[in-house]
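The values are calculated or read from the model by the stated rules, or taken from the named source; none is laboratory data. No experiment lies behind these values; they were computed from the predicted model shown. Glycine gets a Cβ as well: all are built from the backbone with ideal geometry, and neighbour counts include every protein chain shown. Note: accessible area is taken over every heavy atom of the protein model, side chains too, but ligands, DNA and RNA are not part of it. Shrake-Rupley method; radii C 1.70, N 1.55, O 1.52, S 1.80 Å.
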Amino acid sequence: MTFHNDTKQDEQKQDRQMKKDQDICKLQMKDVKKAFDDNQVLNGINLSVATGKSLVIIGGSGTGKSVALKCVLGLLTPDKGSIVIDGQETIRLGTRDRDILMRKFGMLFQSAALFDSMTVWENIAFGLIQGRNMYHKAAKDIALTKIKAVGLKPEVADMYPAEISGGMQKRVGLARAVAASPEIIFFDEPTTGLDPIMADVINNLIVEQVKELGATTLSITHDLASARKIADYVAMIHEGKIIWHGDVSDLDHSENEYVDQFIHGRADGPIT
């Protein structure tokens, strides 16, 4: 299929954006492809994220957002292409180098993904204790600080995930994501399952925590309100390709028919 925006002009615009960020690029994906049997999910992804900036990938279900994120995290190995972080090629890293790289990462999962058998503070401190070999007391002190930072009361620390609401679980997930002061934070549908008010609370907390850390972020979401709140740049993926990439302020006048249909939620348009 040939997309309306797959023109020389659009490709040049994306190239200019990538060159603009190149000197301060934290993360870069070049021609990343991934297929599962005959299903070509990623068909040449090209993206860059500058240090300290936030890129949000939007797109419908099944367009490749989650697969792209899993490739960056190393959970999936691309069939072709390059993923460079801090100037280092990360595809097919050895176990030791992968472990070192993972220390740069923080992750807020779609469903928070808390451990049911652990208390809130133990969930937040998990990476510090298991990944950094930090003493329990020091890790707990950091966890308590992060609990306060995401707007929860101290008594929540000794509760279990089943004893708190979905919105509170999402706050705990965010606290865990930032506990080790990561350089890069990944957000997987950070507001899924939340009511509009709680979603906005989470978005505000994300902006606040990311700004405090000076972290680089890569997010995937269906939620346009979330994208507008947390993004510096937005990229839209469709059928495994980036079909638009620009400043979040340009989202409403992208002059791209796919983006326009998606952000207005219209049934009629090129996306079927």
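Counted residue by residue at 0.36 nm each, then reduced by the alpha carbon distance between them, the extension gain from Asp195 to Asp97 reaches 31.3 nm.
Given Cα pairs under 8 Å that are at least 6 residues apart, what percent is the relative contact order of the chain?
About 25 percent, as a whole number.
In this structure, the residue pairs whose Cα-Cα separation is over 26 Å, taken from Lys170/Lys229; Lys65/Lys140; Lys65/Lys146; Lys65/Lys148, are Lys65/Lys140; Lys65/Lys146; Lys65/Lys148. Taken about its Cα centre, the chain carries a charge dipole of about 920 debye when Lys and Arg each add +1 at the Cβ and Asp and Glu each add -1 at the Cβ. Once Lys and Arg get +1 and Asp and Glu get -1 on their Cβ, which of Ile129, Ser226, Ile91 lies farthest toward the positive end of the dipole of the chain? Of the listed residues, the answer is Ile129. What is the chain by shape, rounded, prolate or oblate, if you read a ≥ b ≥ c off the alpha carbon gyration tensor as root eigenvalues and call it rounded for a/c under 1.5, prolate for a/b larger than b/c, and oblate otherwise? Prolate shape, in that a/c is at least 1.5 and a/b is the bigger ratio. Computed about its Cα centre, the charge dipole of segment 134-272 is approximately 800 debye, with only Lys, Arg, Asp and Glu carrying charge at their Cβ. Rolled with a 1.4 Å probe across the full set of protein chains, the surface gives Tyr160 an accessible area near 90 Å². Quick one: Cα centre-to-centre distance for segment 90-120 and segment 137-161, in angstrom? Cα centroid to Cα centroid, the span is 20 Å.
Taking amide H as placed 1.01 Å from N in the peptide plane, the amide H of Ala50 sits under 5 Å from that of Lys26, each at least 5 places away or on another chain.
Accessible area per residue for segment 28-178 is 49 Å², calculated with a 1.4 Å probe on protein heavy atoms, without ligands, DNA or RNA. Of all DSSP-defined beta bridges confined to the chain, some 55% are antiparallel rather than parallel. A 1.4 Å probe run over segment 187-272, with the rest of the protein chains in place, finds 44 Å² accessible per residue. Counting only protein heavy atoms and a probe of 1.4 Å, the accessible surface of segment 140-272 is 52% carbon and sulfur.
Applying Stokes-Einstein at 20 °C and 1.002 mPa s to the Kirkwood radius of segment 45-110, computed over alpha-carbon pairs, gives a translational diffusion coefficient of 162 µm² s⁻¹.
Projecting the Cα atoms of Gly214, Ile202, Gln110 onto the charge dipole of the chain, computed from C-beta unit charges around the Cα centre, puts Gly214 farthest toward the positive end.
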